[in-house]
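The values are calculated or read from the model by the stated rules, or taken from the named source; none is laboratory data. Keep in mind the model is a prediction, meaning the values are calculated, not measured. Here Cβ is always computed from backbone atoms with ideal geometry, including for glycine, and neighbour counts include all displayed protein chains.
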Amino acid sequence: MRRAGLVGGAALLILTTSAHVGSPDTWFVGTAGPYPVRIVVRSPGVIPGLANVTVKVTGQGVRVVMASPAYFNAGDRGVPPPDTARQVTGQPDSWTVPLWIMVSGSYSVRVHVVGGQGEGTAIVPVSAVATRITPLDPRLGWALAGFGLILFLGAVTIIGAAVRESVLVPNAEPDRRLRIRGRISMAAGTVVMALLLVGGKTWWNAVDQDYRRSLDRRWAATAEVVRQDGGPLLRFTIADSAWRGRDWNERPTPLIPDHGKLMHLFLVGEDETGGFGHLHPVSSDSSIFEAPLPPLPAGRYQVFADITHESGFARTLVAGTELPAPESTSGADRDDSWFAGIVSDTAGRLTGGARLVWEGRPPSFTAGEDAELQFVVREADSSVGGVEPYLGMSGHAVVVSGDGKVFIHLHPMGTVSAAAVRSLQERLPSDTIRGTLGRRLTERAMPDSHGSHPQVMEGRIGFPYAFPTPGDYRIWVQIRRRGVVETAAFRTTVR
Amino acid sequence: MPAIVRTCYAVLLAAGLIVIGLIWDISWHRSIGRDTFWTPPHVVEYVAAIIVGVSCGWLILRATFAKGSPDRGSMVRFWGFHGPLGAWVSVWGSLAMLTSAPFDDWWHSAYGLDVQIISPPHILLLLGMMGIVAGAMLMTLAEQNRAGDSNRRDFSMMFGLASAFLLLMLVTATFEYTAAPNRWRGREFYLICAGTFPILLALAARAGRLRWPATASAALFMLSSLILGWVLQTIPATPKLAPIENPLTHLVVAPFPILLVVPAALFDLLHRRVGDGRDWRLAGALGLGFVLALLAVSWPVSAFLISPAARNPVFLGGQWDYSSSPGAYRYEFWGNLSGVSTGSTPWLAVKSLAFAALLAMVSSRLGLTLGGWMRRVRR
């Protein structure tokens with residue numbers, strides 16, 4: 001089509017995504033029955049589109065790896081037969097398979113492994129959103145424009161031939177009158193087809209606009225500091241009509257707690273001297289969440305709030321606020337933590353002379369390339385120290401790009417929210433009423449033991465990830481030792 | 001057999017393959033969903049495009065470059081080449097089909113796999129397919145119009161078949177708005193049918209040389225649609241895209257075809273009564289007659305077609321896509337003649353039908369003009 005060339009120059013459009021900001025792919029580390037698996041689901045970007053699933057599986061005699069996409073509420077009968085993954089050449093433990101993601105929303109990708117130790121399935125939550133429109137390759141655009149021009153001129157020529165010659169008896173030549181009529185018809189045909197093309201372009205623009213509207217957009221949210229008797233409070237408000245609208249049926253499913261908290265809120269100082277906070281605001285109604293403000297350095301902060309819907313859809317809300325000079329507060333959640341110290345390249349200071357060391361760090365990172373971020377607790381004598389579970393995990397990492405366009409909250413189990421995994425695992429066919437599954441999950445939630453004998457794990461923590469775009473990044477790693485949450489800050493540059 | 005006639009058969013065969021491929025492809029998308037370039041229906045469609053390219057291309061090259069080609073006198077000129085008008089239209093169609101393939105491919109990567117029939121690259125594809133079928137129609141017409149009385153009937157039959165294929169393509173293009181019998185009591189159904197089909201029925205009535213040309217086209221259209229449905233529904237199929245709202249074991253097929261044979265018979269009758277020379281008056285009668293005849297048959301028959309009695313392999317009731325969730329809507333009429341959800345009145349319904357009759361009149365008038373030209377096409 002001729003008009004194809006017109007949009008050839010459009011820039012690649014990438015919008016922020018709900019499930020984490022600017023980082024649409026999913027990492028999952030866990031098990032499929034007896035087999036340890038590391039699964040990466042590369043987002044298709046367009047919906048409906050193909051997501052690429054890569055499974056790294058260790059274990060004896062793995063024979064078959066299969067995967068299928070399951071929409072959260074479509075039931076087992078709504079899952080298509082699984083696709084068999086293909087072994088990656090040169091990497092005997094890696095398997096890959098493309099899967100069609102047809103609608104936006106919460107999917108679970110079911111990865112099924114069959115081998116010498118039997119069978120097992122891993123459920124990977126994928127929050128599917130459309131994030132981009134692929135621009136037309138200029139070469140393809142010009143080729144299409146060329147064909148379009150031939151088709152246009154061909155159609156005009158056919159009209160001329162039809163009027164001028166087609167009704168003549170064999171071997172007769174068209175007279176002057178027919179030739180003139182032929183030319184007039186060709187002119188009229190040109191005008192009509194040009195009008196049709198204009199109409200087609202208008203239609204195309206409308207389709208394009210519709211699609212842009214269906215792209216994932218950032219929900220409106222605000223953050224502000226309010227004064228109360230006990231000290232300053234951070235108030236976070238979900239202001240979006242998608243959440244607060246009156247039409248109950250159109251509203252997303254309710255929120256469920258992740259590690260016992262409805263919201264995990266992160267404060268990130270906009271400059272390097274700024275602090276970092278990990279708070280757990282309590283909801284005063286379905287849209288307003290409040291937490292005592294920790295004594296962080298004053299300045300401009302970005303606010304990222306992670307929530308998980310009952311459907312398993314994980315979403316990050318983004319706002320910004322100005323923090324006042326620090327003052328003491330009371331009544332903070334005992335899992336709240338904050339940090340305002342030195343940002344390091346390789347090692348952060350912990351209490352008691354211990355350090356958190358970024359080990360096996362490559363000289364540089366490349367955008368889009370799989371990178372395992374490995375951190376080790378080194379005691380003062382360089383032995384590996386222990387960590388206790390903090391919010392159900394051996395460690396948390398928060399990755400934020402310098403421009404604030406990438407934000408992600410990582411665990412050793414990947415980018416997925418544990419609540420999403422539970423919601424997709426424990427959903428029953430009878431969970432047809434909103435909130436029933438959420439209530440069950442909340443009742444069965446297991447908060448961290450704050451008792452005197454917490455479980456102690458080896459202090460080696462790995463986070464699977466790939467930096468999505470080039471630029472400067474800051475990473476905060478949080479662990480709990482001897483009942484105290486400790487934070488170390490790192491920085492790196494990604495090419 | 002002369003080369004032109006051989007090409008005529010080849011293009012008609014291609015037109016038939018195009019129709020089979022298209023109908024099969026739509027069933028494929030509604031039942032299995034997953035799409036690659038190499039699905040069997042796509043292969044059928046592109047084989048048809050290749051048949052057209054090779055047969056018409058050979059005819060054109062030979063007529064253009066062979067010295068003293070006897071066929072050249074019954075051909076038209078195109079950029080220095082010689083070929084029958086219908087062959088040029090078919091070649092244009094296959095080129096449009098080829099162009100639509102990379103366009104559609106990019107469209108999928110830009111806006112996602114399309115789950116509707118009507119999208120800009122699909123319109124180009126449909127235009128290409130219709131070009132091939134219309135080319136077959138024009139080639140058979142030229143043969144019909146040049147033939148002596150003894151062998152005219154064969155070409156007239158072939159023209160009837162080609163126009164039936166074109167009718168099936170037009171019906172398929174409007175599939176999303178007209179196919180479900182649940183729509184057959186709605187305003188939109190009558191407006192779209194009135195704007196789209198009378199042009200082809202009027203054209204067939206005027207250009208065909210059979211005794212009931214429009215009726216034959218419409219009957220062949222309904223028959224081919226039914227045969228395709230009867231056969232395709234026996235092919236096992238499993239949906240391969242999530243979420244599957246409606247689990248399936250076989251291909252779902254198009255519902256019972258629109259009952260165009262009744263308005264078509266009226267067209268033949270009126271056309272014979274009024275004759276040539278009074279086309280405006282004739283178009284007025286055809287327009288009004290089309291809407292009233294379609295209404296008279298669609299209204300009662302649609303009730304049968306959405307009832308349990310039609311849910312069988314013969315009447316093709318209850319055929320729902322893998323992605324359509326169950327609901328009472330399957331057994332209800334969608335929309336009404338007034339075109340409003342509340343406050344519908346007989347007056348609004350009459351207004352809708354009158355507007356439909358006006359559209360059908362314009363469409364018929366165009367069809368009569370085109371048919372008049374087609375009756376004289378000799379090249």
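Just checking, does the stretch A:299-308 include any residue being acidic (D, E), closer than 30 Å to A:G435 by Cβ and surrounded by 20 or more Cβ atoms within 10 Å (Cβ to Cβ)? Working first, answer last.
As a first pass, look at the stretch A:299-308 and keep what is acidic (D, E): A:306.
From what's left, closer than 30 Å to A:G435 by Cβ: A:306.
Cutting the leftovers down to surrounded by 20 or more Cβ atoms within 10 Å (Cβ to Cβ) gives us A:306.
Checked against the condition, which is being acidic (D, E), closer than 30 Å to A:G435 by Cβ and surrounded by 20 or more Cβ atoms within 10 Å (Cβ to Cβ), the stretch A:299-308 yields at least one hit.
Can you find, within the stretch A:106-153, the residue that is farthest from the other protein chains (Cβ to nearest Cβ) among those that are crowded, with 20+ Cβ neighbours inside 10 Å and over 30 Å from B:A242 (Cβ atoms)?
Once the filter is applied, the top-ranked residue is A:G141.
Can you find even one residue in the stretch B:325-333 that is surrounded by 13 or more Cβ atoms within 10 Å (Cβ to Cβ), within 14 Å of chain A (Cβ to nearest Cβ), in contact with a helix residue (DSSP H, G or I) (Cβ under 9 Å, 6 or more places away or on another chain) and not in a loop (DSSP other than H, G, I, E, B)?
No.
Kindly check whether there is at least one residue in the stretch A:86-98 that is within 14 Å of chain B (Cβ to nearest Cβ) and within 13 Å of B:A242 (Cβ to Cβ). Can you show your working first?
In the first step, residues of the stretch A:86-98 are kept if they are within 14 Å of chain B (Cβ to nearest Cβ); the result is A:97-98.
Checking the rest, the ones that are also within 13 Å of B:A242 (Cβ to Cβ) come to none.
No: zero hits.
For the stretch A:154-177, which residues satisfy the criterion of being free of Cβ contacts under 8 Å to residues at least 24 places away in the same chain, at the interface with another protein chain (Cβ under 7 Å from one of its Cβ atoms), on the phi < 0 side of the Ramachandran plot and not hydroxyl-bearing (S, T, Y)? Walk me through it before giving the result.
Here is the first cut: in the stretch A:154-177, the ones free of Cβ contacts under 8 Å to residues at least 24 places away in the same chain are A:154, A:158, A:161-177.
Then keep just the ones that are at the interface with another protein chain (Cβ under 7 Å from one of its Cβ atoms); that gives A:154, A:158, A:161-162, A:165-171.
Cutting the leftovers down to on the phi < 0 side of the Ramachandran plot gives us A:154, A:158, A:161-162, A:165-170.
Hits for the stretch A:154-177 are A:G154, A:I158, A:A161, A:A162, A:E165, A:V167, A:L168, A:V169, A:P170.
One line per residue, one yes/no per condition, for (1) at pLDDT 90 or above; (2) surrounded by fewer than 18 Cβ atoms within 10 Å (Cβ to Cβ); (3) closer than 20 Å to A:T351 by Cβ:
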site	(1), (2), (3)
A:R378	yes, no, yes
A:S382	no, yes, yes
A:D403	no, yes, no
A:V406	yes, no, no
A:G462	yes, no, no
A:P468	yes, no, no
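Select from the stretch B:236-245 the residues that are in a loop (DSSP other than H, G, I, E, B), crowded, with 17+ Cβ neighbours inside 10 Å and facing another protein chain (nearest Cβ under 9 Å) and list them in ascending order.
Residues of the stretch B:236-245 in a loop (DSSP other than H, G, I, E, B): B:237-241, B:243-245.
Restricting the remaining residues to those that are crowded, with 17+ Cβ neighbours inside 10 Å gives B:237, B:239-241, B:243-245.
Scanning the stretch B:236-245 gives B:P239, B:K240, B:L241, B:P243, B:I244, B:E245.
Show the residue pairs meeting these rules: Cβ distance below 7 Å; 6+ apart or different chains; first residue within the stretch B:209-235 and surrounded by fewer than 20 Cβ atoms within 10 Å (Cβ to Cβ); second residue hydroxyl-bearing (S, T, Y).
Filtered contacts from the stretch B:209-235: B:R209/B:S156; B:L210/B:S156.
In the list B:V252, B:V231, which residue meets the criterion of being closer than 28 Å to B:P41 by Cβ, assigned to a helix (DSSP H, G or I), modelled with pLDDT of 95 or more and of a type in the set (A, V, I, L, M)? Give the derivation first.
Values: B:V252 fails: assigned to a helix (DSSP H, G or I).
Only one candidate qualifies: B:V231.
Considering every residue within the stretch B:259-273, establish whether at least one is of a type in the set (A, V, I, L, M) and within 14 Å of chain A (Cβ to nearest Cβ). Quick ask: steps written out before the conclusion?
Step one: of the stretch B:259-273, the residues of a type in the set (A, V, I, L, M) are B:259-262, B:264-266, B:269-270.
Okay, now just the ones that are also within 14 Å of chain A (Cβ to nearest Cβ), so none.
Checked the stretch B:259-273: no residue is of a type in the set (A, V, I, L, M) and within 14 Å of chain A (Cβ to nearest Cβ).
A:E369 passes all but one of (1) within 18 Å of A:V343 (Cα to Cα); (2) touching a residue at least 60 places away in the same chain (Cβ under 8 Å); (3) loosely packed, with under 14 Cβ neighbours inside 10 Å; which number fails?
All conditions are met except number (1).
Quick one: is A:G78 of a type outside the set (D, E, K, R), facing another protein chain (nearest Cβ under 10 Å), touching a strand residue (DSSP E or B) at 6+ places or on another chain (Cβ under 8 Å) and within 30 Å of A:I307 (Cα to Cα)? Full working, then the answer.
Working: of a type outside the set (D, E, K, R): yes; facing another protein chain (nearest Cβ under 10 Å): yes; touching a strand residue (DSSP E or B) at 6+ places or on another chain (Cβ under 8 Å): yes; within 30 Å of A:I307 (Cα to Cα): yes.
Yes; evaluated as a whole, the condition is true for this residue.
Report yes if A:L441 is modelled with pLDDT of 90 or more, farther than 27 Å from A:F276 by Cα and more than 20 Å from the chain's Cα centre (by Cα), otherwise no.
On the way: modelled with pLDDT of 90 or more: no; farther than 27 Å from A:F276 by Cα: yes; more than 20 Å from the chain's Cα centre (by Cα): yes.
Taking the combined requirement at face value, the residue does not satisfy it.
I need the strands (runs of 3 or more DSSP E) fully contained in the stretch A:178-292, keeping only those with at least 1 residues that are of a type in the set (V, I, T) and closer than 30 Å to A:A397 by Cβ.
Details: elements: A:221-228, A:231-238, A:264-269, A:276-279, A:288-292.
So the answer is A:221-228, A:231-238, A:264-269, A:288-292.
Among the residues of the stretch B:97-107, how many are more than 8 Å from chain A (Cβ to nearest Cβ) and either in contact with a strand residue (DSSP E or B) (Cβ under 7 Å, 6 or more places away or on another chain) or surrounded by fewer than 22 Cβ atoms within 10 Å (Cβ to Cβ) (or both)?
Result for the stretch B:97-107: 3.
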